[in-house]
Structure formats: C-alpha cells, structure tokens
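Visitor: A single structure is presented below for examination.
The values are calculated or read from the model by the stated rules, or taken from the named source; none is laboratory data. Not measured: the values here are computed from a predicted model. Using ideal geometry, Cβ is built from the backbone for each residue, glycine included, and neighbour counts are taken over all protein chains shown.
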C-alpha cells in the first residue's frame, strides 16, 4: 500500500514577539551572507542592535536598526589599518585616481602645467647667466672707469654694462621657452 503524501511543513520564522531575529534569518532578509554578518558583529560594525542569548550566541534585537547601523558603518575603516568598504568603493577610488591622472596629463599637454624639474633647471641657468654677466662687468670696464674723470660718463658706462647683462639674461630666458 502506498504511503500517504507528507504534508508540507509551514515555514517557520525565527522572529518572536520580542522582535528577536537570528543572524541567519537577518542575513537572508538583508541580502548579505551570514559570514559577512558575523564578521560585522565581531569587528564591532554591528553592535547596538545585537543581543546575546543564554549561551552567548548573538541575535538581532532590532532588525530595522541593524540595517541602518550596517549602512552607516559600511565604509568605516577597519581596525587593522586597511581601508574598509566594498569592492564598489575600491573601484570608485581607483576610477577617481585614474581620472585625476588623466586630468593632469591633459593639463600638461595643453601647457597649463609644466615639469617642476625643468622649471628649476631653467631658473638655475638664468640665474647663472645673470651672475656671470654681473661678475664680468668690473673686469670689462674697470680700465675705462679709471681713466674717466666725468662723473656722468662713469654713471652712463655702469648703466650700459648692467643693462647689457640684464638683456643677456632676458634673451636666455626667452630662448629657453
């Protein structure tokens, strides 16, 4: 004789009148894995909505509060020095860094940014040219100044020598661009 068909069991929910929910049931409702939920409890990202039973096992006291707490602490850095968050957060940071790098490259190609080392080198060359130009003035015009007795003529000769040195620096700077 065939066995009678078993009656389908009604599905049980773990929620009790007090609103307590097991971690497994909450993880299923929240759409996250139970290991991830357990890790959140252990790391302290989910603490206000957690209670413990007589055997020390955690359970969810306030499911709505637990969802809010998980959302608020989802991107909080973990205690081991690594940044917390999800894969999506890591990808967002990566895309932001790539965007910044491309922006810098584009601004450099457009001429809005220049290489700092190149600027330092060009400044050094201009300053060296200026220094050399100024240092040769006495050697170049000392005998002429010694022979000159007219004060206005001495002033004019010094002014011409200094102007010549400055023009040389200006030429070097313009040619360097």
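Visitor: Pairs please, first residue from segment 19-33 and under 18 Å from residue 55 (Cα atoms), second anywhere and modelled with pLDDT under 80 and in a helix (DSSP H, G or I), Cβ atoms under 8 Å, 6+ apart in sequence or on different chains.
Guide: The qualifying pairs are 21/29; 21/63.
Visitor: Residues in segment 19-38: is at least one modelled with pLDDT under 80 and in a loop (DSSP other than H, G, I, E, B)?
Guide: Yes.
Visitor: Let me ask another. Could you figure out which of (1) at pLDDT 90 or above; (2) surrounded by fewer than 11 Cβ atoms within 10 Å (Cβ to Cβ) isn't true of residue 175?
Guide: Every condition holds for residue 175 apart from (1).
Visitor: To continue, here is another question. Taking into account only those residues within segment 65-88 that are at pLDDT 75 or above and over 13 Å from residue 45 (Cβ atoms), which is surrounded by the fewest Cβ atoms within 10 Å (Cβ to Cβ)?
Guide: Per the criteria, the residue is 87.
Visitor: Where the second residue is in a helix (DSSP H, G or I) and the first is outside the structural domain of residue 104 (by TED's automatic domain parsing) and lies in segment 115-132, which pairs have Cβ atoms under 6 Å and are six or more apart or on separate chains?
Guide: 122/176; 126/169; 126/172; 126/173; 129/169; 129/172; 130/169
Visitor: Might you let me know whether segment 89-109 holds any residue that is exposed (fewer than 12 other Cβ atoms within 10 Å of the Cβ) and modelled with pLDDT under 85?
Guide: No.
Visitor: List the residue pairs whose Cβ atoms are under 8 Å apart, where the first residue sits in segment 143-165 and is more than 19 Å from residue 132 (Cβ to Cβ), the second is in a loop (DSSP other than H, G, I, E, B), and the two are 6 or more positions apart or on different chains.
Guide: Correct list of pairs: 154/148; 157/148.
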